[in-house]
Amino acid sequence: MIKKHHLVSAALLGLGVCGAAQAQVLGAITASSTSVKVGEPVTITANIDVINANYCGFVVGFGDGSFKDAVSDASTPVPLVLTKTYDKPGSYHVTLGGKNVQNHPNCGGAERAVDISVTGTAKAAPGKAAAAACAAPWKLAGKANAKTGAFTCAAKPGTALPTAKPECQGDLSYFENTKKGQYGCKP
C-alpha cells in the first residue's frame with residue numbers, strides 16, 4: 001500500500017522534473033570579433049540553453065537602435081547566426097533578451113550581452129562618393145550604381161585627367177578613357 005505522503009512527494013518530484021524539462025534560458029551571445037572597422041561584417045551568434053524543450057521567443061539588439069526578433073522551436077533551432085555591419089564608428093552593446101514573439105513565450109534568464117568596438121570613418125553613400133570623386137570640370141555621368149558603387153566621370157574628350165585618381169571601393173577597379181572623356185571605377 002502506497003502512503004499518501006509518497007504520492008505527494010512523487011507528484012512534486014514529477015512537477016520538478018517536468019518544470020526543468022520545459023526550461024528555455026537565454027544562453028551566450030558572441031561576436032566573431034569584438035573589434036571591427038566601419039562596413040566590415042561581424043557574425044553574431046545568439047544561443048538559447050534548452051533542456052528537452054525548445055520553444056521560446058527572444059530578441060537581439062544590435063546597439064544601434066536596430067533589432068532582430070526570433071524564436072527557438074522545432075522548426076527554427078538555435079543558435080541564431082546573424083551578420084551585421086555598422087556604418088558609423090563607436091561602441092555597440094549587443095544584447096540578447098527574452099521577448100514574446102508570435103505565440104512563443106519569452107525565453108527566461110538574465111539578459112546577455114557582448115560589446116563591439118567599431119573603428120574607422122563612415123563611408124559616404126555610393127552616389128555621393130562618386131560625385132565627390134569627380135574633380136572639376138568633370139561631372140558624374142548618369143548615376144552611380146547603388147549596389148556596387150561603380151561610377152563614371154565625364155568631360156569633353158581631351159580634357160586633362162585629374163592628377164588625383166579616385167580610390168575605388170571593394171572589387172572595383174579604376175579606369176580611364178581619354179578619347180571618350182571618361183574615368184571612374186568599374187567592376
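Please treat every number below as a calculation from the coordinates, not as lab data. Quantities reported herein were computed from a predicted structural model and do not represent experimental measurements. Positions of Cβ are backbone-derived with ideal geometry, glycine not excepted, and every protein chain shown enters the neighbour counts.
Once the C-beta distance of TYR55 and LEU82 is scaled by a Förster radius of 22 Å, the resulting FRET efficiency is 0.60 to the nearest 0.05. Given R0 = 41 Å, the distance between the Cβ atoms of SER66 and GLU176 translates into a calculated FRET efficiency of 0.55. With 20 Å as the limit, the listed pairs LYS88/LYS139; LYS88/LYS165; LYS68/LYS99 have LYS88/LYS139; LYS88/LYS165 beyond it between alpha carbons. With each label modelled as a point 7 angstrom along the Cα→C-beta vector, the GLU40-ALA74 pair spans 4.3 nm.
Cα-based radius of gyration for the range 126-186, normalised by 2.2 N^0.38 Å, reads 0.99.
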